[in-house]
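Rule-based calculations on the coordinates, nothing more; no lab input. Keep in mind that what you see is a predicted model, and the values were worked out from it rather than measured. So basically every Cβ, Gly included, is an ideal-geometry build from the backbone, and we count neighbours across all protein chains shown.
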Amino acid sequence: MPSAFDLVELVPVPRAVNGPKRCGVVIDENITVWAAPGTEGTERWLRATLGAAFGVPLRPGPQGVRDSVQLCLDDTMEPEAYKLSVLATWGIEIRGGSPAGVFWGAQTLRQLLGRHAFRRAPVRPGIMYGIPHQIIEDAPRFRWRGLMLDVARHFMPKDGVLRYLDLMAAHKLNVFHFHLTDDQGWRIEIERYPRLTEVGSWRARTKFGHRASPLWEEKPHGGFYTQDDIREIVAYAAERHITVVPEIDVPGHSQAAIAAYPELGNTDVIDTTALSVWDTWGINPNVLAPTDNTLRFYEGVFEELLELFPSEFIHVGGDECPKDQWRQSPAAQARIRELGLAGEDQLQSWFIRHFDKWLSARGRRLIGWDEILEGGLADGAAVSSWRGYAGGIAAARAGHDVVMCPEQQVYLDHRQDGGADEPVPIGFVRTLEDVYRFEPVPSELTPKEAGHVLGTQANLWTEVMEDPARVDYQAFPRLAAFAEVAWSALPAPEERDFADFERRMEAHYERLDALGVGYRPPAGPRPWQRRPGVLGRPIDGAPPNR
């Protein structure tokens, strides 16, 4: 007997399916939509997507009539849970534990309607599209199902960001980690500090390929988001029940800011006025000076940030901060003595703790990469565990919340295959199956400690992704596998049915095609997706940091 999952082609896979049956409900010009108070956002989304794809009006209609889509709330359900019922008696009902649950149910409805539901206009006018009778019950495993997009190394214009929010929603991902600043660019307008974008948002040229590559793109690269752009992005995400978590990197990864405002750097060690926005990759030695002036400057940055982003968490980076300049700096050493610190690691911890307290006083929570564990973990801070599982395990055991995003498993900038045709091959080989077998909760944690794992996140660092097509290639189809890991109640990694996932992906590739996603085909890169002659990291070498 085939299981229910053998009869559906949904990604992520739902918890339970009753059916489908042979007969169904047809989506045509007669079908109406009734939306309970609180579900109007999903009603608008259905009209904008399914209405456009099939050329039907999806007019408002009364509750409980035949040939309708009914959107309902049910506070007895988990907040993001949904129940999608396709019934012979009257039509389609999506019942959710919250407006978000209703929206996720609508995403499943779209998948059930087939690949043409993912287009922006009808391709076969007059053809009727229907859904077999069935009942699907579903809920997410984790509350944090994230994607980090680095727009500092290579800028992605606003329309591309909005497109990725749509792609996240289609895969039931709900946290967009927006990496806005780094050595190679500052991407957000800060009104009180205009030079951050006047100077810091562009570089004169760009390394092409891995940092060992001899190739350069000899033209300026840059861009930034105005504050109105950010408001639009945040509002667009909220309509899709996605939280935007901004990242402003401190105290390392800060050369773009220092180039704009040289007084932020360690001026007693180097001539910071000679610095420009960095044009290559790797770990940069130029870090922020641990001065009161630097603290006040970034407090001003975060004040404007909090007005733009309503998220509970604010990401402050905290990773890959070389201590050489602090060791050489008389001012930094004096600060260490003044504060009674044991050394430079504790100086970084002091820097992070300052902003932890500052954000907490304003009702927000700090999150940073797992280097914030060094020198003592900031009170109340959460950790993005990227250097494997160890940082996340240590943080959870200390009672701190964790987002698991180990580079060995879910850094999607890493190569997808060991073949010679893989474009700019860097990092570990992480295949689609490897990502599908990723387990976010370490087995070493007790049930109480595991409760601190908020969820998981895939990361897209864009050093070798020079345009949106390259981002698509690195993200997909692995992001679909990751989304299933983050959403679905899967068995242990070794017990997961990857063959069934591949079967369901056959239908999902058609959806991605309709959306115009330039994914990596299962057989390997298409000719135009390759980058012959552009160096990556040797496959037998250690993977690079970022």
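Toward the positive end of the charge dipole of segment 4-138, with +1 on the Cβ of Lys and Arg and -1 on the Cβ of Asp and Glu, the farthest Cα among THR76, PRO122, LEU109 is that of PRO122. The DSSP beta bridges internal to the chain are antiparallel in roughly 35% of cases. Amide H contacts under 5 Å for ARG59: VAL33, restricted to partners 5 or more places along the chain or on a different chain, H placed in the peptide plane at 1.01 Å from N. If you take all other residues with their beta carbon under 9 Å from the beta carbon of THR462, and give Lys and Arg +1 and Asp and Glu -1, the sum is -2. With neighbour counts taken as other beta-carbon atoms within 10 Å, the residues TYR82, TYR261 rank, fewest first, as TYR261, TYR82. Relative contact order of segment 4-138, taken over Cα pairs closer than 8 Å and 6 or more residues apart, is 34 percent. Only Lys, Arg, Asp and Glu carry charge here, each on its Cβ (+1 for the first two, -1 for the last two); on that basis the chain has a dipole of about 1120 debye about its Cα centre.
Modelled spin labels at GLU510 and ALA204, positioned 7 Å past Cα toward Cβ, are 5.4 nm from each other. Note on segment 4-138: Cα-only Rg and Dmax are 13.6, 41 Å. Here segment 4-138 is treated with +1 on each Lys and Arg Cβ and -1 on each Asp and Glu Cβ, and its dipole about the Cα centre works out to around 560 debye. Only helices enter the 222 nm calculation for the chain: every DSSP H run of n ≥ 4 contributes -39,500 (n - 2.57), and dividing by all residues gives -9000 deg cm²/dmol, rounded to 500. For the chain, the relative contact order works out to 15 percent when only alpha carbon pairs closer than 8 Å and six or more residues apart are counted. If you take the Cα centroid of segment 267-340 and the Cα centroid of segment 78-126, the two points sit 47 Å apart.
Would segment 139-218 count as rounded, prolate or oblate if I go by the C-alpha gyration tensor, calling it rounded below 1.5 in a/c and otherwise prolate when a/b exceeds b/c, oblate otherwise? Cα axes put segment 139-218 in the oblate bin. Separation of segment 137-209 and segment 219-260, taken as the distance between their Cα centroids, equals 6 angstrom.
The order of CYS23, CYS321, CYS72, going from fewest to most other C-beta atoms within 10 Å of their C-beta, is CYS23, CYS72, CYS321. Using a Förster distance of 51 Å, how high is the FRET efficiency between LYS448 and ARG503, based on the Cβ-Cβ distance and rounded to 0.05? With R0 = 51 Å, the Cβ-Cβ based efficiency is 0.85.
Among beta bridges from DSSP that stay inside segment 4-138, the antiparallel ones total about 60%.
In this simple spin-label approximation, GLU29 and ALA489 carry label points 7 Å from Cα along the Cα→Cβ vector, and these lie 4.4 nm apart. For segment 430-501, a crude dipole built from +1 on the beta carbon of Lys and Arg and -1 on the beta carbon of Asp and Glu, taken about the Cα centre, is about 160 debye to the nearest 20.
Among HIS154, HIS133, the order by Cβ neighbours within 10 angstrom, fewest to most, reads HIS133, HIS154. Between GLU40 and GLU433, the simple spin-label model (points 7 angstrom out along Cα→Cβ) gives 5.0 nm. Using C-alpha pairs below 8 Å separated by at least 6 residues, the relative contact order for segment 379-488 is 29 percent.
Our note on the geometry: Cα centres of segment 31-60 and segment 419-456, 37 Å apart. With everything on Cα atoms, drop me the angle between helix 40-54 and the longest principal axis of the chain, reported from 0 to 90° to the nearest 10. It works out to around 70 degrees. Taking GluC sites (Glu not before Pro) across segment 163-228, the ones in a DSSP loop with at most 15 further Cβ atoms lying within 10 angstrom of their Cβ are GLU191, GLU218. Computed extension length for ALA342-ARG526: 60.8 nm, one decimal, from 0.36 nm per residue of separation with the Cα-Cα distance subtracted.
For the chain, the residue among ILE426, VAL383, THR181 whose Cα projects farthest onto the positive side of the dipole built from Cβ charges is ILE426. The residue list LEU87, GLN474, GLY300 was ranked by how far each Cα lies along the charge dipole of the chain toward its positive end, using unit charges on Cβ atoms, and LEU87 comes out on top.
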